[in-house]
Amino acid sequence: MSTPGTTPDGLVIVDKPSGFTSHDVVAKMRGIAKTRKVGHAGTLDPMATGVLVLGVQRATKLLGHLALTEKEYLGTIRLGQDTVTDDAEGEITASTDASGVTREGIDAGVAQLTGDIMQVPSKVSAIKIDGKRSYARVRGGEEFDIPARPVTVSSFQVYDVREAVAEDGTPVVDLVVSVVCSSGTYIRALARDLGAGLGVGGHLTALRRTRVGPYKLDSARTLDQLQEELRVMPLADATAAAFPRWDVDARRAGLLANGVRLEMPETYAGVGAVAVFDPDGRCLGLVEEQQGKAKSVAVFA
């Protein structure tokens, strides 16, 4: 439990500004919360805005388990131009007249990129290749390939199609899209692959993350707002929102706190991490069912 005057344990849902890296936001939050114990659950590209989930104090133990949740985005894709980063931050590498692209072609391309797919992450990314960040290899002029990996795009919707002319005079097409996907999916890679499939190239020009798991934009606060009033979602509320709940009596709570591997109800078999609560409503930690017994994966008590 936090003592009076200290920063409480819990999550802070930040509406990240454009131009900030996720690490920039963590550094800023360390100053606001007056603690070094701050971490983030999954990065968000500097260009992107929206929901970034931070853990403060003991809630940093939650973050590795939150990173595997579903995410939702709103974005804009430009067809007709490729960039080195697959988004608007990078130098344009090719321009192609996209005026001949049809809505039918766009819908067919989107359909091919929906569902369980294999995706090659963008080269200018934090993916490690043989222990070295991909973006560092690009900066060093290295030639290399990133292996495709499985991701799930459960929804990829096009809300608007707008014809435009790029600064270099190329006729382009801008798409307003929404995407719901698994963690690890690169929206700029979707933009790149959609453009490639249509034969005109493509890149991401704007991105806003509206949800990470159960944490939505309506509960997020800007850094300026958090500077005025630090709002921390208590550990009990944060875990109850993200994990199945297992309430135990005082005796079992004591045994679990001392590392005893108790038998778990069958209903929790195979569901992954489960939040354990004592009779006072405190979250003791996260456990996983293993051969019928509770194995601790994060302890808060």
Can you pull out the residues in the range 273-294 that are touching a residue at least 24 places away in the same chain (Cβ under 8 Å) and under 15 Å from Gly64 (Cβ atoms)? Ala273, Ala275, Gly285, Leu286, Val287
Is it true that some residue in the range 153-162 is surrounded by fewer than 18 Cβ atoms within 10 Å (Cβ to Cβ), touching an Asp or Glu at 6+ places or on another chain (Cβ under 6 Å) and in contact (Cβ under 8 Å) with a residue 12 or more places away in the chain? yes
Check on Gly184, at pLDDT 95 or above and surrounded by fewer than 20 Cβ atoms within 10 Å (Cβ to Cβ): no
Can you tell me how many residues in the range 34-45 are surrounded by fewer than 21 Cβ atoms within 10 Å (Cβ to Cβ) and either modelled with pLDDT under 90 or within 18 Å of Leu66 (Cβ to Cβ) (or both)? 4
His65 is checked against (1) in contact with a Phe, Trp or Tyr (Cβ under 8 Å, 6 or more places away or on another chain); (2) assigned by TED's automatic domain parsing to the domain that holds Val165; (3) at pLDDT below 90 and fails just one. What number does that condition carry? (2)
May I ask you to list the residues in the range 197-223 that are part of a loop (DSSP other than H, G, I, E, B) and either buried (at least 17 other Cβ atoms within 10 Å of the Cβ) or at pLDDT 95 or above (or both)? Leu198, Gly199, Val200, Gly201, Gly213, Ala220, Thr222
Count of the range 281-301 residues which are of a type outside the set (A, V, I, L, M), outside any loop (DSSP other than H, G, I, E, B) and under 18 Å from Ala240 (Cα atoms): 5
Restricting attention to the range 257-283, report how many residues are hydrophobic (A, V, I, L, M, F, W, C), touching a strand residue (DSSP E or B) at 6+ places or on another chain (Cβ under 8 Å) and modelled with pLDDT under 90. 6
Top-ranked residue in the range 68-91 [being modelled with pLDDT of 95 or more and among the hydrophobic types (A, V, I, L, M, F, W, C); ranked as farthest from the chain's Cα centre (by Cα)]: Leu79
Condition first: among the hydroxyl-bearing types (Ser, Thr, Tyr) and surrounded by fewer than 22 Cβ atoms within 10 Å (Cβ to Cβ). Now tell me which residues in the range 50-84 satisfy that. Thr60, Thr69, Thr76
Residues of the range 262-280 satisfying the condition of being of a type outside the set (Gly, Ala, Ser) and not in a loop (DSSP other than H, G, I, E, B): Glu263, Glu266, Thr267, Tyr268, Val274, Val276, Phe277
Any residue that is without any contact (Cβ under 8 Å) to a residue 24 or more places away in the chain and either among the aromatic types (Phe, Trp, Tyr) or assigned by TED's automatic domain parsing to the domain that holds Leu62 (or both) - is there at least one of those in the range 242-260? no
Would you call Gly254 surrounded by fewer than 20 Cβ atoms within 10 Å (Cβ to Cβ), modelled with pLDDT under 90 and either in a helix (DSSP H, G or I) or of a type in the set (Val, Ile, Thr) (or both)? yes
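The values are calculated or read from the model by the stated rules, or taken from the named source; none is laboratory data. Predicted, not measured: the structure shown is a model, and the values here were computed from it. Every residue, glycine as well, gets a Cβ built from its backbone with ideal geometry; the counts of neighbours run over all protein chains shown.
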